[in-house]
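Working notes, beginning with the structure itself.
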Amino acid sequence: MRLLVAEDHPSLGPDLKKGLERCHYAVDLVANGEDALALGFEVPYDLIILDILLPGLDGLEVCRQLREQKQTVPILFLTALGEIDQRVRGLDLGADDYLTKPFAFRELEARVRALLRRDGSPRTPLLRFLDLTLDTRTHEASRGERTIALSSKEYALLEFLMRHPRQVLSRTTIAEHVWDYDAEHLSNVIDVYIGYLRTKLCAGGLPDVIHTIRHSGYQLKEPAP
């Protein structure tokens, strides 16, 4: 899942990016409202984390303009402004949640998971497809009784596939949600990671559940008969 963090604090912004990347999210970091707004329109993020007191456009204005243009991406305000009036204003502008600084990173992580579940995913932290299970809280993957050790990018790729079962996902769509802004979104990179994932999921001769759709992309679905 791909997140945008708009935070101008010189240490908090990079710390948030590193912490969220350790949770297997692809994260773009910006330090002003103009860049946040531009990327919010350009990239189909799964979640935006906005500081309110940003240089240039503040977070409230970024949120207002995104919602005005019918952008439905979940927005979490992260700010030192904890007064009731500020919280009410942010929520009335279309924000989905509000977390006041200082905060525990574990709480931020839990709120991010909760917001990402609003896309129709299960209300529990477990994603399941056939005999595949992915725990989005502990980041553990298993197939049947076998635990599968995944790299950060393999985990993110499997999570995206499991959030969209039976959908044909183009390489562009996968790149937009699993790789960050600085990555080289080349088809062969995605193909390589699909290969890594297949090898781990199909160990022991288990049937393949990741189907290559020629000229289209990939699809997580039942094994071919």
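The values are calculated or read from the model by the stated rules, or taken from the named source; none is laboratory data. On a predicted model such as this, the values are computed, not experimentally measured, just so you know. We place every Cβ from the backbone using ideal geometry, glycine too, and count neighbours over all the protein chains shown. Keep in mind that these areas ignore ligands, DNA and RNA; they rest on the heavy atoms of the full protein, side chains included. Shrake-Rupley method; radii C 1.70, N 1.55, O 1.52, S 1.80 Å.
Answer yes or no as to whether R128 is open to solvent by 30 Å² or more (accessible area, probe 1.4 Å) and under 16 Å from the mean Cα position of the chain (by Cα). Give the derivation first.
Details: open to solvent by 30 Å² or more (accessible area, probe 1.4 Å): yes; under 16 Å from the mean Cα position of the chain (by Cα): no.
Answer is no for this residue.
Cβ-Cβ below 6 Å, separation at least six or inter-chain, first residue in the stretch 151-164 and buried (at least 20 other Cβ atoms within 10 Å of the Cβ), second assigned to a helix (DSSP H, G or I) and aromatic (F, W, Y): which pairs?
E154/Y196; L157/Y193
Would you kindly identify the strands (runs of 3 or more DSSP E) lying entirely within the stretch 136-225 that contain at least 3 residues that are of a type in the set (V, I, T)? It would help to see each step written out before you state the result.
Values: elements: 140-143, 146-148, 210-213, 217-220.
Filter on the stretch 136-225 gives 210-213.
Considering (1) open to solvent by 30 Å² or more (accessible area, probe 1.4 Å); (2) more than 17 Å from the chain's Cα centre (by Cα), say which one E140 fails and leave the rest.
Status for E140: all satisfied but (2).
Is one or more of the residues making up the stretch 195-217 open to solvent by 40 Å² or more (accessible area, probe 1.4 Å) and aromatic (F, W, Y)?
yes
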